[in-house]
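Here the structure comes first, spelled out in structure tokens, and everything after it is commentary.
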Amino acid sequence: MKVQELMKTKIASVDADRSVYDAVEKMVDRRIRSLLVRFPGKDLNHGIITARDIVFKVLAKRLNPRDIKVSEIAAKPVVCFDKNADIAEAAALMEKKKIARVFVCEGEKIIGVISLIDIMAGALITRARGNHVS
Amino acid sequence: MFLEKILSLSKKEQEVTGNMRKHIKLLCSTCDLFKTALEKDDRNLMRNLIDLERESDSIRREIISKIYEGAFLPYLRPDLCRFVEIVDHVFDILGDTANYYLDGKIPEQIKGECFRVAYLNLKICEMFLITFEALLKGDDLREKTLAIRIYEKKIDDIKFSLIKDIRKIPISNFWEGKILSDFISGLTTISDIIEDASDYLQIINVSMK
């Protein structure tokens, strides 16, 4: 099964120069665990910020999230995968890099994101399909 | 061949299951045609969909008349007829949605998401065909219906984001807005009905045991 079949195409994002507080507000409001961090330039130059980054690098250290920019704690560049790649390859890459999501790209453009739950859903669908080629 | 064995299929019954399979395969072709016409913005191709809807009506009539001519045990007939009606309802919605598409214009901002729903509609339909084939073979349907629900959930998520997005699109008059709203509603309802039909397959499967 190709990653494009199960990827999410709505990717919530935040500009790199915004504060961590802005990112927290957006993530809590939308109940999501990560945001794409938009740096100037090409999509592949973007980064990612996760709830884990915010809690461990800012809140647990009792730093003020309003004083820290998203760009300071974002991980970059993002890990990208071709839209025609197999979901098993994405899972292997996530395991290797110990990450919970990979972005899906078409050329140099980010078009979606695949997370752990999507990999599990993909595994169920592949099993349900059995020998049927889709 | 669970269903076929239990019902020791007579010629009439074989015709019914054959036509049911044909009906669902036609549904897959119709979803594929809808997706291609939408992606290519090909209005002529979209008009062909209306012909497929008519073909579906004729298959439905054939199945139901064969059932009432005496195919299958009487207690099974209402469920089988209901199932065929639900499948036919998907064709009706596809036809209506094609007409809304021909009447209006999809705004650029939501085209990508609409293409994605059309793609997932095709995928859910293919899984529905696999589920039907599994019923005929007597296989367990649990995994298949779960896969259908996964696809349906994906489409539901896109639906909510589409509804949010269309609120931001300027509309020049009432009819333009209504047609766009009906188009999105139709596009995102197809998977709901296929999910209902797959639930019905499960009911038929259970009632056989």
- Message: For chain B, set up a GNM with springs between Cα atoms under 10 Å and report which of B:Phe115, B:Phe160, B:Phe128 has the largest fluctuation.
- Response: B:Phe160
- Taking all pairs of different Cα atoms in region B:81-155, averaging 1/r and flipping that mean, what Kirkwood radius in angstroms comes out? 14.2
- Message: 7 Å from Cα along Cα→Cβ at both A:Asp15 and B:Asp139: what's the point-to-point distance in nm?
- Response: 5.2
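How do B:Cys81, B:Cys31, B:Cys125 rank when sorted from fewest to most other Cβ atoms within 10 Å of their own Cβ?
Ordered by Cβ neighbours within 10 Å, fewest first: B:Cys81, B:Cys125, B:Cys31.
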- For chain B, the helices passing both cut-offs (Cα extent along own axis of 30 Å or more, Kyte-Doolittle mean at least 0.0, full DSSP H runs) are B:77-103, B:108-137, B:174-208
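Could you tell me what % of all Cα pairs in chain A have separations over 25 Å? The partial results should precede the final answer.
Working: 2647 of 8911 pairs.
In whole percent, the long-distance tail amounts to 30.
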- Query: If all Cα-Cα distances of region B:2-208 are sorted into 10 Å bins from 0 onward, what percent lands in each bin, rounded to whole numbers?
  - Reply: 8, 35, 31, 17, 7, 1, 0
- With a/c under 1.5 counting as rounded, go ahead and sort region B:143-200 into rounded, prolate or oblate using the C-alpha gyration tensor (a ≥ b ≥ c being the square roots of the eigenvalues; past the cut-off, prolate if a/b is larger than b/c, else oblate). oblate
- Which angle between 0 and 90 degrees, to the nearest 10, do you get for helix A:87-97 versus the longest principal axis of chain A when only C-alpha atoms count? 40
- Note on the structure: Tilt, helix A:20-30 to longest principal axis of chain A (alpha-carbon atoms), in degrees rounded to tens, equals 40
- Under 17 Å Cα to Cα from A:Lys97, which lysines show up? Leave out anything in the same chain fewer than 8 places away. A:Lys76
- Item | Inverse mean reciprocal Cα-Cα distance (Kirkwood Rh) of the protein assembly as shown, Å | 22.4
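Values quoted throughout were computed directly from the atomic coordinates according to the rules given, and no laboratory measurement underlies them. Owing to the predicted nature of the structure, the values given are computational and were not obtained by experimental measurement. Backbone-built Cβ (ideal geometry, glycine too); neighbour counts: all protein chains shown.
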